[in-house]
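Engineer: Please find one structure pasted underneath; my questions will follow.
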Amino acid sequence: MSHARRVANRISELRPLSAWAVDVARALGCSDAACAGVDLCVAEAVSNIIRHGYVDGAPHEIGVEILREPGALVIRIEDDARAFDPLRAPVPEPASLDEAGRTGRGLLLIRRTAATVSYERRSGLNQLTLRFALDA
């Protein structure tokens, strides 16, 4: 069973979206540590879409789907912002987050927190998939 939600491209949507994602993750059996990772990654990914993806100032919707697969929690984030592959974006790998610059920190956090990250551009949509390992 999957859980889905659509939100407007407004920063005010981040806190309620993140709280929803954590509630769903907890209901699907995630540990507190995994829930913290879900919270961080959803907030960072959607914040990046809102802040950097849309250049037209028009209202848009961002879709978030959460489901459980054997051994993993999967989060799919879909948007119609300009194409952006977060896996190809250059992000310096500092020794610590304190050494990271102001830009690219969110991508670095996502890459370090999710077990796997994948991206596709399909039919004019960005599709970001985050997987979080679940304890057996």
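Engineer: So for the range 26-38 (the condition being small (Gly, Ala, Ser) and under 19 Å from ALA89 (Cα atoms)), does at least one residue qualify?
Structural biologist: Going through the range 26-38, the residues small (Gly, Ala, Ser) turn out to be 27, 29, 31, 33-34, 36-37.
Narrowing further to those that are under 19 Å from ALA89 (Cα atoms): none.
Within the range 26-38, not a single residue is small (Gly, Ala, Ser) and under 19 Å from ALA89 (Cα atoms).
Engineer: Still on this model: For the range 49-56, check the following and say yes or no: at least one residue is in contact (Cβ under 8 Å) with a residue 60 or more places away in the chain, surrounded by 13 or more Cβ atoms within 10 Å (Cβ to Cβ), within 18 Å of GLN127 (Cα to Cα) and of a type outside the set (S, T, N, Q).
Structural biologist: Initially, the range 49-56 is screened for residues in contact (Cβ under 8 Å) with a residue 60 or more places away in the chain, giving 49, 53.
Add one more test, that the residue is surrounded by 13 or more Cβ atoms within 10 Å (Cβ to Cβ), and what stays is 49, 53.
Still in the list and also within 18 Å of GLN127 (Cα to Cα): 49, 53.
Narrowing further to those that are of a type outside the set (S, T, N, Q): 49, 53.
Yes, the range 49-56 has at least one match.
Engineer: Hey, any hits in the range 73-86 for a residue that's farther than 17 Å from ARG111 by Cβ and exposed (fewer than 15 other Cβ atoms within 10 Å of the Cβ)?
Structural biologist: yes
Engineer: Could I ask something else about it? Any idea which residue in the range 17-45 is farthest from the chain's Cα centre (by Cα), counting only those that are under 21 Å from LEU107 (Cα atoms) and surrounded by fewer than 16 Cβ atoms within 10 Å (Cβ to Cβ)?
Structural biologist: The qualifying residue farthest from the chain's Cα centre (by Cα) is ALA33.
Engineer: Here is a further query. Look at the range 1-57 and say how many of its residues are closer than 12 Å to ILE75 by Cα and basic (Lys, Arg).
Structural biologist: 1
Residue-by-condition table, conditions (1) under 22 Å from ARG131 (Cβ atoms); (2) without any contact (Cβ under 8 Å) to a residue 40 or more places away in the chain; (3) polar (S, T, N, Q):
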| residue | (1), (2), (3) |
| --- | --- |
| ALA4 | yes, no, no |
| ILE11 | no, no, no |
| ALA19 | yes, yes, no |
| ALA33 | yes, yes, no |
| GLY37 | yes, no, no |
| LEU40 | yes, no, no |
| LEU67 | yes, no, no |
| ARG82 | no, yes, no |
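Here, each number is a calculation from the coordinates, and none is a lab measurement. As the structure is a prediction and not an experimental result, all values here were calculated from the model. Every residue, glycine as well, gets a Cβ built from its backbone with ideal geometry; the counts of neighbours run over all protein chains shown.
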